[in-house]
1. Apply the a/c threshold of 1.5 to the C-alpha gyration tensor of segment 546-676 and tell me whether it is rounded, prolate or oblate.
2. Quick one: Karplus J couplings for segment 343-351, per residue in order, coefficients 6.51, -1.76, 1.60, θ = phi - 60°, nearest Hz, x for Gly and Pro?
3. Give me the distance in nm between label points sitting 7 Å out from Cα along the Cα-to-Cβ direction at Thr249 and Arg320, one decimal.
4. Give a residue-ordered list of calculated ³J(HN,Hα) values for segment 737-753 (Karplus: 6.51 cos²θ - 1.76 cosθ + 1.60, θ = phi - 60°; whole Hz; x for Gly, Pro).
5. For segment 784-795, just list the computed ³J(HN,Hα) in residue order, Karplus coefficients 6.51, -1.76 and 1.60, θ = phi - 60°, integers in Hz, with x standing in for Gly and Pro.
6. For segment 1-148, which whole percent of the accessible surface, found with a 1.4 angstrom probe, sits on carbon and sulfur atoms?
7. Kindly flag which residue pairs out of Lys109/Lys793; Lys598/Lys663; Lys628/Lys652; Lys598/Lys669; Lys236/Lys281 have an alpha-carbon separation exceeding 24 Å in this structure.
8. How much area per residue is accessible in segment 14-113 when the probe is 1.4 Å and only protein heavy atoms are counted (Å²)?
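The values are calculated or read from the model by the stated rules, or taken from the named source; none is laboratory data. Bear in mind that the values here come from a model prediction, so they are computed numbers and not experimental data. Using ideal geometry, Cβ is built from the backbone for each residue, glycine included, and neighbour counts are taken over all protein chains shown. When the accessible area is computed, the model is the full protein with side chains, heavy atoms only, and any ligands, DNA or RNA have been set aside. Shrake-Rupley method; radii C 1.70, N 1.55, O 1.52, S 1.80 Å.
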Amino acid sequence: MNVSHDWLRALVAHDLSPARLRDLLTSRVVTVDELVPLRADLAPIVVARVVEAARHPDSDHLWITRVDAGGGELLDVVCGAPNVQAGKLYPFAPVGTVMPEGLKIERRKIRGQVSNGMLCSVRELKLGESHEGIMELDLEAAPGTPFLDAVPVGDVRLVLDVGANRPDLLSHLGVARELAAALGKPLVLPPIPGAPASIPHIERRTSGGHAGPAEVTVESEARTTRYMGAVIRGVKVGPSPEWLVQRLTAVGSRSINNVVDATNYVLHELGQPVHAFDFAKLAGSRVVVRNARRGEALVTLDGVSRTLDERIVVIADAERAQAVAGVMGGRDSEVGDATNDLFIEVATFEPARTRAARRALGLTTDASYRFERGVDPELPPVALTRVIQLVQSLAGGQVDGLPLDLYAAPRAHATVGVRADRVRRILGERIGADAIARLLRGVGFRIQTSPGTEMLSGQEELGVVVPSWRGDVTSEIDLVEEVARLHGYDAIPTEIAPFRPSTVPDAPEWRQADRLRDELVALGLHETRALPFVSGAETGYVRVQNPLAETESYLRREILETLARRAEHNLAHMQGDVRIFEIGAVFAPGERSLPKEKLRVGALVMGARRPPHFSEPRPPLYDEWDAKALGERIAAVAEPGGEVDLVPSSAKESLWTIMVDAKPRGTVKRLVIDAPVWAGPAFGVEFTLGSVASEHVAQPGAHDWSPVELPKARHSEYRDLPTQPAAIFDLALLVPEDLAAERVESALRRAAGELLESVSLFDEYRGKGVEPGFRSLAWRLTLRHPERTLRDKEVEGRRDKILRTLANELGIRTRTA
């Protein structure tokens, strides 16, 4: 969900910077994933100070300036503006900058004088049309400061990660409502320039009526919650004004024409999708909301002809379908330059049917995204008024007759109780009933003790009336969560309050998984958390009805299927030493509709058994005996007290079957994966978790079972695999016998700097070619830049720097023979 900073400020007046607004929303309302400056074309521009300014010797209108742009040296810049003055700050485009209009700044001679960049005017930065010379900056900023950091120009887009339970936040109104409550400021819809003061009275009916000259019918099979419409005659379709174009651009939408832009504006402002039809193209001046007929076709606005079925709700005229309800309009009734009369539709459609239509057609739109999550049924009157005012302001025209509102059964607002004592026990913070009422009122909840009666001060149990836009609040715990976030998670104390331990024992499979996780991490394996979807096959696999991707539309039968794909991903990034495991569910077709599900642990090992060392430059690779030992260890930890045995297996690719108390529980196999020729063999272990024999853990090499203290949980820090190639080279150094290798490596790391990814000592040599009192030590260094490929000169320069440092600090030289 994209939100405009300036648009929010128009609804709730505030002085928060985009960064502060991001932090406030993230801590209180919804996670802000990203801030996107909409004038990113100005990112190369910096603030610069003119240190000297003198007239050009060969021109009566040029100036030669010396500019401090923060680079440590003064730059000669030729400037044609008469207002440049020494000591002042100006925007500066360094050499290599591409200006907003596309001009690339290059180092060039102007009348015999070299110019290293350009001091910029307002017009050159596309911040206005002023011709009054260079843009003087009246601010405090160090030379070299990015212009966008110093001068607030252009809008900023906030990218919100809105959960499926909060469709009210899919609009500027919803976010502004929360912002107003957080800041204690009023929320107002910004006035529309030139809009009429009011629109005609809206007439309410149940299933049919007239919106002026349009006859509107909603058939019961369509199950449409609310449908509103109005006819506007005499509009003039054309381009939108700049303010509207900028508003839509700020949220990632493009301008089409003033009528369509008006509907998109209301969608992003209020969260209510709106559609405009060319009324002259609706046969019989009729609008019918009905199910599609079998085989009925419709060419949608994207120009694709789509075949519909009876499950899809359409907006039709007297003859044929003209739009897919809640998803997209049809091309035949599209608003174009020749349109004079409009039928404006504002409705709420059933989320499940909208989702089914969207999936059946393979079509996702801003409207379907909102309808699938639920649109406030009390929002359409506000949206219809808003869009009529916008259309009349932008395209003229008059409403013909009375707008129509078909709303058969208005939904009663739910009332949910919340106890102050319950809030205290859950949050560990004493928040009084008055404070709870104040917090909830701020975001639209109403408080009452009985229907129609406001709460009395001091009441400890509140009746909370849920607003129409908060369908996610259905129980007391939902209100407790609301109180927690509105009060502020950082305001809740961190002390652990006394509590009574539960008498419910942990699930045996959970205890198995916990022990296995600790053991496998201690053995050096890394845990993965992948989704259980695989490419699968028609037989033997369970197909997902609504897969995230058609290439992974089945549930896995083995953990090793997922781990094999993870290993292939590592190999594709030149990482051949893989030690991973996962504890998760596997699935098989069931006798009825639900699949069979089991909990298993899977582990995959390949590559070197241990990291290289100078005493063992090339460690041995994992083999089947290592895999067998890993299988034995997994079974022993999972089933302490059980009799574990591994017997040879005759199954294809399987090496051993893991037996516990004479029952098969797992397998050890050699895996067939998509691997390059340099990769070592891959081995996998998979074990089914089940009942626990005792609380004892088997000790390696012991013949009895004794209780041990389980290790504490370990946490790994994950980083993305590198995407740029590494530069690897070796250094053979002559090191005095009394000088520790640790000191050499410390100096080596310091000299190598931030590009050093890894360094390892892989060889030690004494003998021929090495003089007495010295030994030859060889290090392998890996350099890598996170964003680009290193050049040969960079690598050679870093190598020379390392050798100079070692020679100057430790008297070490390279071995030549």
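1. It is oblate, given that a/c is not under 1.5 and a/b is not larger than b/c.
2. So the Karplus estimates, Gly and Pro as x, are 10, 9, 10, 10, 8, 10, 10, 5, x Hz.
3. 3.8 nm
4. 4, 8, 9, 5, 4, 4, 5, 5, 5, 4, 5, 5, 5, 5, 6, 5, x
5. 7, 9, x, 10, 7, 7, 6, 7, 4, 5, 5, 5
6. Numbers: 3560 of 7530 Å².
Roughly 47 percent of what the probe reaches on segment 1-148 is carbon or sulfur.
7. Details: Lys109/Lys793 30 Å; Lys598/Lys663 16 Å; Lys628/Lys652 17 Å; Lys598/Lys669 20 Å; Lys236/Lys281 16 Å.
Pairs exceeding 24 Å: Lys109/Lys793.
8. Values: 5310 Å² over 100 residues.
Each residue of segment 14-113 exposes 53 Å² on average to a 1.4 Å probe.
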